[in-house]
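Okay, so here's the structure we're looking at.
The values are calculated or read from the model by the stated rules, or taken from the named source; none is laboratory data. The structure displayed is predicted, hence computed values, not measured ones. Note: ideal-geometry Cβ built from the backbone for every residue, glycine included; neighbour counts use all protein chains shown. Side chains included, ligands, DNA and RNA excluded: accessible areas come from the protein's heavy atoms. Shrake-Rupley method; radii C 1.70, N 1.55, O 1.52, S 1.80 Å.
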Amino acid sequence: MNSSGMLFLAVTISMAIGVLFPQFSKIFAPYILVWLGGLLFLNLIQLNTSKLISAFVHARQIAL
Amino acid sequence: MILPLALFAATTVVYPPMALSVLLLSGISTGLGAPFVANFVGSELPLIVGLIIVTSIAVPFVLPPIVHILFGSHFSIPVIHMIVLLAVALFIPLLAGWFTKKFAPNIAEIVSEKSLYFSIILIVLINMALFSKVSTFFFESSLFVVEMVLLFGIYGTVGYALISFTTGVTSRTTSEGDTN
(Lines give C-alpha, C1' and ligand atoms only; values in the text may rest on other atoms or scores of the structure.)
Protein backbone atom coordinates (compact mmCIF):
# COMPACT_ATOMS: atom_id res chain seq x y z
CA MET A 1 0.00 0.00 0.00
CA ASN A 2 1.40 3.40 -0.90
CA SER A 3 1.80 6.19 1.61
CA SER A 4 -1.29 8.09 0.42
CA GLY A 5 -3.48 5.05 0.91
CA MET A 6 -1.95 4.39 4.31
CA LEU A 7 -2.55 7.98 5.41
CA PHE A 8 -6.13 7.97 4.13
CA LEU A 9 -6.91 4.74 5.99
CA ALA A 10 -5.25 5.97 9.17
CA VAL A 11 -7.14 9.26 9.13
CA THR A 12 -10.49 7.64 8.33
CA ILE A 13 -10.18 4.89 10.92
CA SER A 14 -8.93 7.23 13.64
CA MET A 15 -11.83 9.63 13.01
CA ALA A 16 -14.27 6.74 13.20
CA ILE A 17 -12.73 5.45 16.43
CA GLY A 18 -12.87 8.92 17.94
CA VAL A 19 -16.55 9.30 17.06
CA LEU A 20 -17.68 5.76 17.90
CA PHE A 21 -15.54 5.17 21.00
CA PRO A 22 -15.21 8.61 22.65
CA GLN A 23 -14.60 7.30 26.17
CA PHE A 24 -11.56 5.37 24.98
CA SER A 25 -10.31 8.15 22.69
CA LYS A 26 -10.57 10.81 25.40
CA ILE A 27 -7.61 9.14 27.11
CA PHE A 28 -5.38 10.76 24.51
CA ALA A 29 -7.03 14.20 24.66
CA PRO A 30 -5.02 15.79 27.53
CA TYR A 31 -1.79 15.16 25.64
CA ILE A 32 -2.77 16.71 22.28
CA LEU A 33 0.01 19.29 22.52
CA VAL A 34 2.50 16.48 23.13
CA TRP A 35 1.32 14.59 20.03
CA LEU A 36 1.36 17.81 18.05
CA GLY A 37 4.84 18.70 19.27
CA GLY A 38 6.04 15.24 18.32
CA LEU A 39 4.48 15.55 14.88
CA LEU A 40 6.25 18.83 14.30
CA PHE A 41 9.54 17.46 15.65
CA LEU A 42 9.39 14.59 13.15
CA ASN A 43 8.71 16.93 10.27
CA LEU A 44 10.77 19.96 11.23
CA ILE A 45 13.88 17.83 11.74
CA GLN A 46 14.13 17.96 7.95
CA LEU A 47 13.99 21.75 7.92
CA ASN A 48 17.11 23.61 6.90
CA THR A 49 17.29 26.58 9.30
CA SER A 50 19.08 28.79 6.82
CA LYS A 51 16.23 28.32 4.34
CA LEU A 52 13.74 29.34 7.04
CA ILE A 53 15.68 32.54 7.61
CA SER A 54 15.83 33.07 3.86
CA ALA A 55 12.03 32.70 3.68
CA PHE A 56 11.73 35.69 6.02
CA VAL A 57 14.46 37.71 4.30
CA HIS A 58 12.73 37.25 0.96
CA ALA A 59 9.27 37.59 2.42
CA ARG A 60 7.30 38.25 -0.78
CA GLN A 61 5.75 34.79 -0.82
CA ILE A 62 4.80 34.98 2.85
CA ALA A 63 3.31 38.43 2.36
CA LEU A 64 1.27 37.20 -0.60
CA MET B 1 -7.06 39.11 4.16
CA ILE B 2 -8.20 38.98 0.54
CA LEU B 3 -8.93 35.27 0.42
CA PRO B 4 -11.13 35.15 3.57
CA LEU B 5 -13.11 38.16 2.38
CA ALA B 6 -13.51 36.70 -1.10
CA LEU B 7 -14.68 33.36 0.30
CA PHE B 8 -17.02 35.17 2.69
CA ALA B 9 -18.54 37.10 -0.21
CA ALA B 10 -18.97 33.94 -2.26
CA THR B 11 -20.54 32.01 0.64
CA THR B 12 -22.90 34.90 1.42
CA VAL B 13 -24.31 34.49 -2.08
CA VAL B 14 -24.26 30.68 -2.25
CA TYR B 15 -25.11 29.59 1.33
CA PRO B 16 -25.41 32.53 3.79
CA PRO B 17 -25.76 30.49 7.03
CA MET B 18 -22.18 29.26 6.52
CA ALA B 19 -20.67 32.68 5.78
CA LEU B 20 -19.32 33.29 9.30
CA SER B 21 -17.90 29.76 9.55
CA VAL B 22 -16.16 30.12 6.19
CA LEU B 23 -14.76 33.51 7.19
CA LEU B 24 -13.38 32.15 10.46
CA LEU B 25 -11.99 29.00 8.89
CA SER B 26 -10.29 30.80 6.01
CA GLY B 27 -9.06 33.66 8.20
CA ILE B 28 -7.48 31.62 10.95
CA SER B 29 -3.74 31.01 11.08
CA THR B 30 -1.99 28.25 9.12
CA GLY B 31 -2.43 24.94 10.94
CA LEU B 32 0.37 23.29 12.90
CA GLY B 33 -0.19 20.12 10.88
CA ALA B 34 0.91 21.94 7.73
CA PRO B 35 4.62 20.91 7.96
CA PHE B 36 3.57 17.25 7.81
CA VAL B 37 1.45 17.95 4.73
CA ALA B 38 4.28 20.00 3.21
CA ASN B 39 6.70 17.09 3.60
CA PHE B 40 4.10 14.59 2.41
CA VAL B 41 3.38 16.41 -0.87
CA GLY B 42 6.94 17.71 -1.34
CA SER B 43 6.10 21.36 -0.86
CA GLU B 44 8.35 24.14 0.43
CA LEU B 45 8.72 23.50 4.15
CA PRO B 46 10.52 26.78 5.04
CA LEU B 47 7.72 28.81 3.46
CA ILE B 48 5.08 26.82 5.33
CA VAL B 49 6.84 27.30 8.68
CA GLY B 50 7.22 31.01 7.93
CA LEU B 51 3.49 31.21 7.18
CA ILE B 52 2.63 29.47 10.45
CA ILE B 53 4.69 31.95 12.45
CA VAL B 54 3.47 35.07 10.66
CA THR B 55 -0.22 34.13 10.51
CA SER B 56 -0.31 32.95 14.13
CA ILE B 57 1.02 36.30 15.32
CA ALA B 58 -1.14 38.30 12.91
CA VAL B 59 -4.50 36.57 13.43
CA PRO B 60 -5.32 38.18 16.84
CA PHE B 61 -5.00 41.59 15.18
CA VAL B 62 -6.65 40.82 11.83
CA LEU B 63 -9.54 38.43 12.34
CA PRO B 64 -11.49 40.07 15.23
CA PRO B 65 -11.76 43.46 13.47
CA ILE B 66 -12.93 41.78 10.26
CA VAL B 67 -15.61 39.82 12.15
CA HIS B 68 -16.63 42.99 14.00
CA ILE B 69 -16.97 44.98 10.75
CA LEU B 70 -18.91 42.27 8.91
CA PHE B 71 -21.05 40.86 11.74
CA GLY B 72 -20.90 43.48 14.50
CA SER B 73 -19.85 40.88 17.06
CA HIS B 74 -16.85 41.04 19.37
CA PHE B 75 -14.36 38.36 20.14
CA SER B 76 -10.68 38.37 20.95
CA ILE B 77 -7.76 36.00 20.48
CA PRO B 78 -5.18 36.70 23.19
CA VAL B 79 -1.83 37.27 21.56
CA ILE B 80 -0.07 35.63 24.49
CA HIS B 81 -2.01 32.40 23.88
CA MET B 82 -0.84 32.30 20.27
CA ILE B 83 2.75 32.99 21.34
CA VAL B 84 2.62 30.23 23.97
CA LEU B 85 1.11 27.83 21.43
CA LEU B 86 3.82 28.72 18.91
CA ALA B 87 6.50 28.25 21.55
CA VAL B 88 5.20 24.89 22.77
CA ALA B 89 4.10 23.36 19.48
CA LEU B 90 6.53 24.90 17.00
CA PHE B 91 9.67 26.48 18.44
CA ILE B 92 10.45 23.74 20.97
CA PRO B 93 10.14 20.94 18.35
CA LEU B 94 12.14 23.10 15.95
CA LEU B 95 14.91 23.55 18.52
CA ALA B 96 14.76 19.87 19.44
CA GLY B 97 15.20 18.97 15.78
CA TRP B 98 18.11 21.38 15.43
CA PHE B 99 19.86 19.99 18.52
CA THR B 100 19.25 16.43 17.35
CA LYS B 101 20.79 17.18 13.95
CA LYS B 102 23.76 18.92 15.54
CA PHE B 103 24.60 16.51 18.39
CA ALA B 104 23.06 13.20 17.25
CA PRO B 105 23.08 13.22 13.42
CA ASN B 106 22.67 9.43 13.21
CA ILE B 107 19.47 9.59 15.24
CA ALA B 108 18.32 12.56 13.16
CA GLU B 109 18.84 10.54 10.00
CA ILE B 110 16.89 7.55 11.33
CA VAL B 111 14.07 9.81 12.54
CA SER B 112 13.98 11.58 9.21
CA GLU B 113 13.77 8.29 7.26
CA LYS B 114 10.99 6.89 9.46
CA SER B 115 9.19 10.20 10.01
CA LEU B 116 6.18 9.27 7.85
CA TYR B 117 5.24 6.20 9.88
CA PHE B 118 5.74 7.91 13.26
CA SER B 119 3.82 10.94 11.95
CA ILE B 120 0.87 8.76 10.96
CA ILE B 121 0.79 7.24 14.45
CA LEU B 122 0.71 10.70 16.01
CA ILE B 123 -1.98 11.84 13.57
CA VAL B 124 -4.08 8.85 14.61
CA LEU B 125 -3.74 9.84 18.29
CA ILE B 126 -4.57 13.50 17.54
CA ASN B 127 -7.59 12.56 15.46
CA MET B 128 -8.98 10.19 18.08
CA ALA B 129 -8.55 12.84 20.77
CA LEU B 130 -10.15 15.62 18.72
CA PHE B 131 -13.09 13.66 17.38
CA SER B 132 -13.89 12.16 20.78
CA LYS B 133 -14.67 15.71 21.96
CA VAL B 134 -17.29 16.25 19.24
CA SER B 135 -18.57 12.69 19.05
CA THR B 136 -22.14 13.49 20.19
CA PHE B 137 -22.46 16.08 17.43
CA PHE B 138 -22.12 13.38 14.78
CA PHE B 139 -25.11 11.51 16.19
CA GLU B 140 -27.30 14.51 17.02
CA SER B 141 -26.76 16.30 13.68
CA SER B 142 -25.94 13.50 11.24
CA LEU B 143 -27.49 15.18 8.22
CA PHE B 144 -25.59 18.39 8.92
CA VAL B 145 -22.34 16.42 9.11
CA VAL B 146 -23.04 14.84 5.72
CA GLU B 147 -23.77 18.30 4.25
CA MET B 148 -20.50 19.64 5.65
CA VAL B 149 -18.49 16.70 4.27
CA LEU B 150 -19.99 17.40 0.83
CA LEU B 151 -19.22 21.11 1.16
CA PHE B 152 -15.67 20.22 2.19
CA GLY B 153 -15.36 18.15 -0.97
CA ILE B 154 -16.58 21.07 -3.08
CA TYR B 155 -14.35 23.54 -1.20
CA GLY B 156 -11.27 21.37 -1.67
CA THR B 157 -11.99 20.60 -5.32
CA VAL B 158 -12.57 24.27 -6.18
CA GLY B 159 -9.39 25.30 -4.38
CA TYR B 160 -7.32 22.59 -6.08
CA ALA B 161 -8.75 23.43 -9.50
CA LEU B 162 -8.19 27.16 -8.97
CA ILE B 163 -4.57 26.69 -7.96
CA SER B 164 -3.95 24.27 -10.84
CA PHE B 165 -5.50 26.70 -13.29
CA THR B 166 -3.68 29.79 -12.07
CA THR B 167 -0.24 28.26 -11.46
CA GLY B 168 -0.20 25.25 -13.76
CA VAL B 169 0.94 23.15 -10.79
CA THR B 170 -0.98 19.91 -10.22
CA SER B 171 -0.42 16.76 -8.17
CA ARG B 172 1.58 15.45 -11.11
CA THR B 173 3.97 18.37 -11.21
CA THR B 174 6.02 20.26 -8.66
CA SER B 175 6.47 23.98 -8.44
CA GLU B 176 9.79 23.51 -10.26
CA GLY B 177 7.97 22.00 -13.20
CA ASP B 178 9.13 18.45 -12.60
CA THR B 179 6.60 15.72 -13.29
CA ASN B 180 6.05 13.01 -10.66
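Quick one: how many residues across the stretch A:1-15 are more than 8 Å from every other protein chain (Cβ to nearest Cβ) and among the hydrophobic types (A, V, I, L, M, F, W, C)?
3
Looking at B:Ala38, B:Ala19, which one is within 20 Å of A:Thr49 (Cα to Cα), buried (at least 16 other Cβ atoms within 10 Å of the Cβ) and touching a helix residue (DSSP H, G or I) at 6+ places or on another chain (Cβ under 9 Å)?
Selected residue: B:Ala38, the only one of B:Ala38, B:Ala19 that is within 20 Å of A:Thr49 (Cα to Cα), buried (at least 16 other Cβ atoms within 10 Å of the Cβ) and touching a helix residue (DSSP H, G or I) at 6+ places or on another chain (Cβ under 9 Å).
Of the conditions (1) away from chain A (no Cβ under 13 Å); (2) at pLDDT 85 or above, B:Ile126 satisfies every one except a single condition; which number is it?
It is condition (1) that B:Ile126 fails.
List pairs: first residue in the stretch A:33-45 and facing chain B (nearest Cβ under 7 Å), second residue of a type in the set (Phe, Trp, Tyr) and part of a helix (DSSP H, G or I) anywhere in the structure, Cβ distance under 6 angstrom, at least six positions apart or on different chains.
As it stands, the answer is A:Leu39/B:Phe36; A:Leu42/B:Phe118; A:Asn43/B:Phe36, since those pairs meet every condition given.
If B:Ser76 satisfies all but one of (1) open to solvent by less than 90 Å² (accessible area, probe 1.4 Å); (2) touching a residue at least 12 places away in the same chain (Cβ under 8 Å), what's the number of the condition it fails?
(1)
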